[in-house]
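Structure first, then comments.
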Amino acid sequence: MESVDYTIIGGGVIGLAIGYYLTQQYPSAATALFERNKYLGEEQSGRNSGVLDVGHLYRHDSLKTRLCPKRNRMLARFALAKGIAYFQMGKMTIAEEAIKLMKK
Ligand SMILES: Cc1cc2nc3c(=O)[nH]c(=O)nc-3n(C[C@H](O)[C@H](O)[C@H](O)COP(=O)(O)OP(=O)(O)OC[C@H]3O[C@@H](n4cnc5c(N)ncnc54)[C@H](O)[C@@H]3O)c2cc1C
């Protein structure tokens with residue numbers, strides 16, 4: 001087998017994002033990605049809700065919450081540059097428990 005500089009196991013969104021970053025940053029390096037399925041993104045990445053979360057459901061002081069807006073801006077730029085359609089539709093979250101408390 002040929003030698004490679006970087007090996008990625010798993011062709012979901014994370015593995016593909018890492019692969020994309022490595023090939024952009026280090027174009028002369030050899031990067032290999034191994035995926036156990038026939039096609040990329042066949043597991044969680046291809047079966048999620050397809051939403052760019054704003055992070056409002058995570059703990060407000062978590063890294064996830066802080067990174068969500070930046071991630072969304074980067075993804076929007078990426079989609080625009082690559083001609084990938086995405087829609088800013090907004091999202092309504094209903095706090096059922098809070099409504100019940102208010103009615104008491
Ligand atoms: C129901 C649901 C809804 C979701 N909705 C959203 C959403 O709206 N927005 C959002 O941002 N996130 C959402 N998520 C989360 C998001 O889908 C995951 O965080 C993301 O897909 C994880 O990507 P991943 O690359 O880490 O994992 P995966 O997509 O699971 O990729 C891992 C890959 O590794 C491969 N693999 C595993 N072991 C091996 C091995 N030994 N050799 C070779 N290949 C291997 C697998 O076949 C797979 O393709 C949702 C998750 C769920 C479950």
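Quick notes on this one:
- Top-ranked residue of region 25-45 - restricted to ones that are among the polar types (S, T, N, Q) and assigned to a loop (DSSP other than H, G, I, E, B), ranked as farthest from the chain's Cα centre (by Cα): S28
- On inspection, Q88 passes the criterion of being of a type outside the set (D, E, K, R) and either at pLDDT below 95 or away from the ligand (no atom under 16 Å from the Cβ) (or both).
- Count - residues of region 18-75 that are of a type outside the set (S, T, N, Q), in contact with a Lys or Arg (Cβ under 8 Å, 6 or more places away or on another chain) and surrounded by 11 or more Cβ atoms within 10 Å (Cβ to Cβ): 4
The values are calculated or read from the model by the stated rules, or taken from the named source; none is laboratory data. Keep in mind it's a predicted model, so treat the numbers as computed, not measured. Glycine gets a Cβ as well: all are built from the backbone with ideal geometry, and neighbour counts include every protein chain shown.
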